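The structure appears right after this line, and notes come after that.
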Amino acid sequence: MTRIGVISDTHGSVSSWEKALQVWGDIDLIIHCGDVIYHGPSNALPEDYNTKSLPSLINSSQVPVLIAKGNCDSEVDQQVIKWPIMSPYIVVWWEGRLLMATHGTSFTKTREDSRKFAPDLVLTGHTHIASLTEEDGTLYLNPGSASLPKGRDPASVAILEPEGIIIRTLNGEMLYHQEWNRPGRFSL
C-alpha cells in the first residue's frame with residue numbers, strides 16, 4: 001500500500017514544505033504541481049520566502065519528488081533542485097490508476113490533453129484554490145496552494161491513498177474527501 005503527498009505553489013515558502021511533510025506523515029512519493037521557488041510577479045512574498053533553504057529541504061527528501069513545471073519555474077530553478085522539474089507533464093501508474101500531473105496554467109488545455117488518454121486522476125495547481133471535481137469519469141484534483149491560498153480555504157495539500165483522496169489544511173484539518181468512484185483499471 002502506497003501513499004502519495006500532493007503539493008503545489010510553494011513559491012519559496014519553507015514552512016509550507018515542512019508543514020506539508022507533517023500533514024502527509026508516512027508517504028512513498030511526493031508530486032509537486034509546480035511553482036516551487038519563485039513567488040511570481042502577481043503574488044505577494046510568502047512570510048518565510050527563502051530561495052536557498054527550500055531547494056535544500058526538497059533535495060534532502062527521503063522519498064522521490066516528481067515536479068511538474070509551473071509558470072513561475074525557470075531553468076535556473078533546475079540548477080538548485082536535484083529532482084527534474086522541466087517537464088510540463090508527469091504520468092504515473094499508481095495502485096492500478098493512471099495519474100497525470102501538470103501545473104494547469106491553462107485548464108482548457110489540461111482538459112484537452114487529459115481527454116486524449118483518459119487518466120483516472122489529473123493533478124493540477126496554479127489557481128491556489130483547492131478543488132476536487134469529476135468530469136467524464138476523470139477526477140481533477142487541485143491541492144490548493146501550500147503558501148499563498150486564494151479563495152475561502154486556507155493553505156492546503158492533498159494525500160492520495162488506496163481508499164481515496166483527502167485535501168487537508170496545513171494544520172491537518174480535512175477540507176475535502178473523495179473515495180475512489182471506481183476500481184483502478186488494473187486492480188485485481
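Every number in this text was worked out from the coordinates using simple rules, so none of it is lab data. Computed from a predicted model, the values in this text were never measured in an experiment. Positions of Cβ are backbone-derived with ideal geometry, glycine not excepted, and every protein chain shown enters the neighbour counts.
Side notes on the structure shown:
Yes or no, residue by residue, for (1) within 23 Å of E18 (Cβ to Cβ); (2) in contact (Cβ under 8 Å) with a residue 24 or more places away in the chain; (3) crowded, with 21+ Cβ neighbours inside 10 Å; (4) not hydroxyl-bearing (S, T, Y):
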| residue | (1), (2), (3), (4) |
| --- | --- |
| H103 | yes, yes, yes, yes |
| E112 | no, no, no, yes |
| L121 | no, yes, yes, yes |
| D136 | no, no, no, yes |
| G144 | yes, yes, yes, yes |
| E161 | yes, yes, no, yes |
| I165 | yes, yes, yes, yes |
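- Note on the stretch 1-49: among residues that are of a type in the set (D, E) and buried (at least 17 other Cβ atoms within 10 Å of the Cβ), the one that is farthest from the chain's Cα centre (by Cα) is D35.
- Filtered by the rule that a residue be assigned to a loop (DSSP other than H, G, I, E, B), in contact with a strand residue (DSSP E or B) (Cβ under 6 Å, 6 or more places away or on another chain) and of a type in the set (A, V, I, L, M, F, W, C), the stretch 119-168 gives A130, A146.
- Check on S56, assigned to a loop (DSSP other than H, G, I, E, B) and not basic (K, R): no
- First in the stretch 1-15 and touching a residue at least 24 places away in the same chain (Cβ under 8 Å) and within 19 Å of L66 (Cβ to Cβ), second anywhere and buried (at least 23 other Cβ atoms within 10 Å of the Cβ) and hydroxyl-bearing (S, T, Y), Cβ under 6 Å, 6 or more apart: D9/S145; T10/S16; T10/S147; H11/S147
- Exactly one residue out of I27, I85 is within 27 Å of W180 (Cα to Cα), in a loop (DSSP other than H, G, I, E, B), out of contact with any Leu (no Cβ under 6 Å at 6 or more places or on another chain) and of a type in the set (A, V, I, L, M, F, W, C), and it is I27.
- If only residues of the stretch 50-70 that are under 14 Å from the mean Cα position of the chain (by Cα) and of a type outside the set (A, V, I, L, M, F, W, C) are counted, the one that is surrounded by the fewest Cβ atoms within 10 Å (Cβ to Cβ) is P64.
Here is a yes/no grid of residues against (1) on the phi > 0 side of the Ramachandran plot; (2) among the β-branched types (V, I, T):
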{"residue": "S114", "(1), (2)": "no, no"}
{"residue": "A118", "(1), (2)": "yes, no"}
{"residue": "I129", "(1), (2)": "no, yes"}
{"residue": "E135", "(1), (2)": "no, no"}
{"residue": "V157", "(1), (2)": "no, yes"}
